[in-house]
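What follows is a single structure, written as structure tokens, with notes after it.
The values are calculated or read from the model by the stated rules, or taken from the named source; none is laboratory data. Keep in mind it's a predicted model, so treat the numbers as computed, not measured. Cβ: placed from backbone, ideal geometry, glycine included. Neighbour counts: every protein chain shown.
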Amino acid sequence: MIDRQKLCALAAQRFIFNLINLKFFAMKKDIYIIDTTLRDGEQAPGVSFSLEEKLEIACLLDEVGVDEAEIGTPAMGTREVQDMRTIVNSGFSFRCLAWCRALTTDLDRAIETGIDRVSISFPVSDIQLKAMGRDREWIFTELPKLMNYALDHFNYVAIGAQDACRADGYFLDEFVALAQKYGARRVRLADTVGGHTPVLTSELFRKFSEAYPELDLEFHPHNDLGMATANAITAFQSGATSVDVTVNGLGERAGNAALEEVIVAMNQHNLGKKYNLSGLSELSHRVAEFSGRSIWTSKPIVGDAAFTHESGVHVRSLMKDPLSYQLFDGSTVGKETSFVFGKHSGSSSLMDFFRKKGISLNAVQATSMMMAVKEMAAQSKQLVNSGDLLSIYQQLSGS
């Protein structure tokens, strides 16, 4: 027989527990991004930033208003330690973070940088534990020891759950509980191989934000399925306190969530504070230059075609209202809205082009011009430039 009185008492206890959880959740601090261009971004094959380049990137990140930056991996060696120390001492407004493996020697190198924040990463999926020759018992033994050591030397200690999105759910719960018990201020849940979807990301962060309302939760998304930005925003909307990003999505394999995409989306959807977007284009192009990784033409936010229009239907509306076929004005992120000429152009953009040149086209001239422009574009499979337009006009007008 079920003891209904005990059952009711348990239900009441659970109700009170949920109320407490909601209270703690409401008190969580504002959400923010952690830029890891100088750490995870530089891990992209063939990428290596000089100290001067790192400082310029850091300066531009500071202008954007980045809250925290993961500035390197101290265990990489003396040069990395020296570069990190220089960045730490350069007076940037963002908080500096070091990434460490679950080794005391890594923490010792981090101490040399003068940094006051570290993130200690543990593999938590069975596939990664096996690949590294570890097991779950190793985590239960090492995490308390490393936490105690780190708390003696750093003001802020975070714990990373590497490959969390492929970990056993029950074990991941035990891991987060252990990290919290031994003083971790934040736990990073990593989608290390970029296999998550927004629905799975939402389920993950709703579960852990409700179970651990007093703990800051960080999300580290990768882009292997092209969902890193979507997963990042979903994580914020589902209880994550912070999300890791890199400029241009730079990183291993298909990269990480792109800083420029995530913060523009945050601004658009009123998630957290408002970042300074005006310097995004410059930041993006400098990182592209320093990394040797070009920005593809249609890259969201910062690509050359992101605010470029050819379609006659679009251009006609854009000339009346810039937001008719754009989510926001390109100048917001340091770009300009531009009209180009090709197979799909219409007479509105053509007449506007010549009007700015002091030439007034009548309807017959505009129609003839458009036929010539479309033919040239179709034959060449390229846009028609301003010089071509003037040449066509001269030919048709007999001047």
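For Asp116, the conditions (1) within 25 Å of Tyr32 (Cα to Cα); (2) touching an Asp or Glu at 6+ places or on another chain (Cβ under 7 Å) all hold with the exception of (2).
If only residues of the range 235-248 that are among the polar types (S, T, N, Q) and surrounded by fewer than 24 Cβ atoms within 10 Å (Cβ to Cβ) are counted, the one that is nearest to Gly183 (Cα to Cα) is Thr241.
Being exposed (fewer than 15 other Cβ atoms within 10 Å of the Cβ), modelled with pLDDT under 95, in contact with a helix residue (DSSP H, G or I) (Cβ under 6 Å, 6 or more places away or on another chain) and part of a loop (DSSP other than H, G, I, E, B) is a condition met by at least one residue of the range 209-218. Scanning the range 44-54 for residues that are surrounded by fewer than 16 Cβ atoms within 10 Å (Cβ to Cβ) and on the phi < 0 side of the Ramachandran plot turns up Pro45, Ser48, Ser50, Leu51, Glu52.
Contact annotation: residue pairs with Cβ atoms under 7 Å, 6 or more positions apart or on different chains, pairing a residue in the range 267-283 that is farther than 20 Å from Thr241 by Cβ and buried (at least 18 other Cβ atoms within 10 Å of the Cβ) with a partner that is at pLDDT 95 or above and among the charged types (D, E, K, R), are Gly279/Glu63; Leu280/Glu260.
Given the conditions (1) among the aromatic types (Phe, Trp, Tyr); (2) within 19 Å of Leu215 (Cα to Cα); (3) surrounded by fewer than 21 Cβ atoms within 10 Å (Cβ to Cβ), which single one is not true for Phe122? Result: Phe122 passes all but (3). Considering the range 317-399, the qualifying helices (runs of 4 or more DSSP H), each wholly inside and each with 1 or more residues that are β-branched (Val, Ile, Thr), outside the structural domain of Gly279 (by TED's automatic domain parsing) and over 44 Å from the mean Cα position of the chain (by Cα), run over 363-380, 386-397.
The number of residues in the range 168-189 that are of a type in the set (Phe, Trp, Tyr), part of a helix (DSSP H, G or I) and touching a strand residue (DSSP E or B) at 6+ places or on another chain (Cβ under 9 Å) comes to 1. Can you say whether Gly292 is of a type outside the set (Asp, Glu), within 30 Å of Ser48 (Cβ to Cβ) and either surrounded by fewer than 16 Cβ atoms within 10 Å (Cβ to Cβ) or in the same structural domain as Pro45 (by TED's automatic domain parsing) (or both), as far as the supplied structure shows? Against the criterion (of a type outside the set (Asp, Glu), within 30 Å of Ser48 (Cβ to Cβ) and either surrounded by fewer than 16 Cβ atoms within 10 Å (Cβ to Cβ) or in the same structural domain as Pro45 (by TED's automatic domain parsing) (or both)), Gly292 qualifies. Taken over the range 314-364, the residue count meeting the criterion of being more than 25 Å from Met376 (Cα to Cα) and among the aromatic types (Phe, Trp, Tyr) is 2. Taking the criterion of being over 17 Å from Ser291 (Cα atoms) and of a type in the set (Gly, Ala, Ser), the residues of the range 53-101 that qualify are Gly65, Ala69, Ala75, Gly77, Ser90, Gly91, Ser93, Ala98.
Quick grid of which residues meet (1) surrounded by 17 or more Cβ atoms within 10 Å (Cβ to Cβ); (2) of a type outside the set (A, V, I, L, M):
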{"residue": "Ser338", "(1), (2)": "no, yes"}
{"residue": "Gly342", "(1), (2)": "yes, yes"}
{"residue": "Ser348", "(1), (2)": "yes, yes"}
{"residue": "Met351", "(1), (2)": "yes, no"}
{"residue": "Phe354", "(1), (2)": "yes, yes"}
{"residue": "Ile359", "(1), (2)": "no, no"}
{"residue": "Val364", "(1), (2)": "no, no"}
{"residue": "Met370", "(1), (2)": "yes, no"}
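Restricting the range 190-207 to residues that are part of a loop (DSSP other than H, G, I, E, B) and among the β-branched types (Val, Ile, Thr), the residue that is nearest to Glu218 (Cα to Cα) is Thr192. When each of Glu218, Glu252 is tested for being within 15 Å of the chain's Cα centre (by Cα) and either within 15 Å of Ser119 (Cβ to Cβ) or among the aromatic types (Phe, Trp, Tyr) (or both), the lone residue that passes is Glu218.
Among the residues of the range 174-191, those identified as surrounded by 15 or more Cβ atoms within 10 Å (Cβ to Cβ) and touching a helix residue (DSSP H, G or I) at 6+ places or on another chain (Cβ under 7 Å) are Phe175, Val176, Leu178, Ala179, Tyr182, Ala184, Val187, Leu189, Ala190, Asp191.
Filtering the range 301-316 to residues that are surrounded by 15 or more Cβ atoms within 10 Å (Cβ to Cβ) and in a loop (DSSP other than H, G, I, E, B) leaves Ile301, Val302, Gly303, Ala306, Phe307, Glu310, Ser311.
Can you tell me which condition Ser294 does not meet? The list is (1) among the polar types (S, T, N, Q); (2) part of a loop (DSSP other than H, G, I, E, B); (3) more than 28 Å from Met370 (Cα to Cα); (4) in contact with a Leu (Cβ under 7 Å, 6 or more places away or on another chain), and all the others hold. Against the list (1) among the polar types (S, T, N, Q); (2) part of a loop (DSSP other than H, G, I, E, B); (3) more than 28 Å from Met370 (Cα to Cα); (4) in contact with a Leu (Cβ under 7 Å, 6 or more places away or on another chain), Ser294 comes up short only on (4). Listed conditions (1) touching a strand residue (DSSP E or B) at 6+ places or on another chain (Cβ under 6 Å); (2) within 16 Å of Lys299 (Cβ to Cβ); (3) touching a residue at least 40 places away in the same chain (Cβ under 8 Å) are all met by Thr241, apart from (2).
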